[in-house]
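The values are calculated or read from the model by the stated rules, or taken from the named source; none is laboratory data. All figures in this text were calculated on a predicted structure; none of them were measured in a lab. No Cβ is skipped: glycine too gets one built from the backbone with ideal geometry, and neighbour counts run over all protein chains shown. For the accessible areas, the whole protein counts, side chains as well, though only heavy atoms, and no ligand, DNA or RNA atoms are used. Shrake-Rupley method; radii C 1.70, N 1.55, O 1.52, S 1.80 Å.
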Amino acid sequence: MAYIERDISLFGAPLFRSDSIPSPKKKRAETNTTQKTDTGQNLSLSPPPQPSLCVNLLRLLLQSPPPLLASRNREKEVERSFPPSRSGMGIVRSEERPRAAIEELRRMLLACAAVHRRKDEDGLGSPSPPRPESMDDGGGRVVCVTSGVSFLGRAVVKRLLLRGYSVRILVDNEEDMEKLREMETSGEMGGARSNFSAVVAKLGDVQSLCEAFEGCAGVFHTSAFADPAGLSGYTKAMAQIEVKASESVMEACARTPSVGKCVLTSSLLACVWRDTARNHLSNVVSHDCWSDEAVCTNKKLWYALGKLKAEKIAWKIAEETGLKLATICPALITGPQFISKNPTATIAYLKGANEMYSDGVLATVDVARLVDAHVCVFEAMTKTASGRYICFDRVIDGEDEAARLAGEMGMPVDKISGGVGGGESSVQMRPRFELSNRKLSCLMSRTLRPCHDESSTI
């Protein structure tokens, strides 16, 4: 028996011990001693439980050692009769039979486990412990939001907390930490303060991002960048920073085992700045449309260029690594005090506003609607959601709409609607395009209905 135990232990810890299965005599003696107490009082014992199939297999193998031992004894007898020659030739003791028996035991144990697993799946076996809630069922969900203290990032964090997520906010400088403290002390997070935390990481450092994402099921890369000088809105250098950050975040998501999906905030500007001199352009601007890098560069539309290249590098990495990715391309983000709370992106977005207005592609989206879109797409990615989504809720297609937007921003209306080649007649001569967000609207119409009721809380 010691030989069998030693070989079986090659698979790890010994599966059994020879003394763990009592002999019939020993079992009867134990039964006799347990049937009476010290006072001689008889006890009624319930019948012992029936051994399982696995135990029976083990007993069968344990009670059948003769073939193994006999083969070893025969080998020893042969060795004594025919000692090995000096040349090294002779009868070599074989390990094939013991190993074959061990392998047979392993196969039988696996088959036994498979039988019980099928019984459990068919509901015929003992009830299995309750399955923990999945990442999309509402319990124990942890996600990370980059730029979580920005205008959009804060709204995304609040909505996720309302939806029952645990949110990890990524910050990378002291100014962001101050904003986070304000969010906490002002009561902005409501009663969910215990469900969010902050983690410090550099958006350009893949290793620190991996550590920040560890344990998160998903990442929202809202990619908000502010002009340090507060003057130019968005520079060419910032566009390069945004591309690098997008690359690092995607690499970190792909390397972090717990991260299953990522939602990237791009921009409608990554779709609308096309070369209108080309005759094959469709008059419908949808999620399939991409801006032209050369057009953005020539017009010095750095915000559009940064968003375009950042989204492209994200898709490249996602395709190479198999990361589940979705991108949302929002119009100009509006909402309560948006110009003061989100000045960098607002000023940068409106560069080229006159031309976008004349082409019919200048649009806005309320931050509450945009947040709904982020959460909706994220939760639907488990099933069918994928690819790009254009998000807007208002197209600036007339003087009244232009005046309204200019009033919200405190700027002259001609900064939005005037000066494109000399008057209204030239506006009518330019090609007009139609924005389409049908893909997102269809998705949101059949999912996330409860979330619309929460919009008033943002």
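Among the residues of segment 381-400, those that are outside any loop (DSSP other than H, G, I, E, B) and modelled with pLDDT under 95 comprise E399, D400. Can you name the residue in segment 225-243 that is modelled with pLDDT under 95 and over 18 Å from N342 (Cβ atoms) and is also most open to solvent (accessible area, probe 1.4 Å) among such residues? Among those that are modelled with pLDDT under 95 and over 18 Å from N342 (Cβ atoms), it is K236. The sole residue among D288, D372, D359, D292 that is more than 20 Å from F225 (Cα to Cα) and modelled with pLDDT under 95 is D359.
Here's a check for you: in segment 375-404, which residue that is crowded, with 18+ Cβ neighbours inside 10 Å and among the charged types (D, E, K, R) is farthest from V142 (Cα to Cα)? Once the filter is applied, the top-ranked residue is E401. Looking at D359, D372, just one residue is in contact (Cβ under 8 Å) with a residue 24 or more places away in the chain, acidic (D, E) and open to solvent by 10 Å² or more (accessible area, probe 1.4 Å), and that residue is D359. When you check K351 against the structure, is it in a loop (DSSP other than H, G, I, E, B) and either farther than 25 Å from R141 by Cβ or touching a Lys or Arg at 6+ places or on another chain (Cβ under 7 Å) (or both), yes or no? Spelling it out, K351 is indeed in a loop (DSSP other than H, G, I, E, B) and either farther than 25 Å from R141 by Cβ or touching a Lys or Arg at 6+ places or on another chain (Cβ under 7 Å) (or both).
Which residues, counting only those in segment 318-344, are buried (at least 19 other Cβ atoms within 10 Å of the Cβ) and either without any contact (Cβ under 8 Å) to a residue 12 or more places away in the chain or more than 18 Å from D393 (Cα to Cα) (or both)? Residues satisfying the conditions are A318, L323, L325, A326, N342, T344.
Residue count for segment 300-334 under the criterion of being of a type in the set (G, A, S) and within 20 Å of K351 (Cβ to Cβ): the result is 4. Any chance segment 272-282 includes a residue that's assigned to a loop (DSSP other than H, G, I, E, B) and crowded, with 24+ Cβ neighbours inside 10 Å? Within segment 272-282, one or more residues are assigned to a loop (DSSP other than H, G, I, E, B) and crowded, with 24+ Cβ neighbours inside 10 Å. Condition test on K299, is it under 18 Å from A237 (Cα atoms), of a type outside the set (A, V, I, L, M, F, W, C) and open to solvent by 60 Å² or more (accessible area, probe 1.4 Å)? Criteria met by K299. Restricting attention to segment 246-269, the residues that are crowded, with 24+ Cβ neighbours inside 10 Å and assigned to a helix (DSSP H, G or I) total 6. Can you find a residue that is modelled with pLDDT of 80 or more, within 29 Å of V377 (Cβ to Cβ) and assigned to a helix (DSSP H, G or I) anywhere in segment 142-150? The answer is no, given that none of the residues of segment 142-150 is modelled with pLDDT of 80 or more, within 29 Å of V377 (Cβ to Cβ) and assigned to a helix (DSSP H, G or I).
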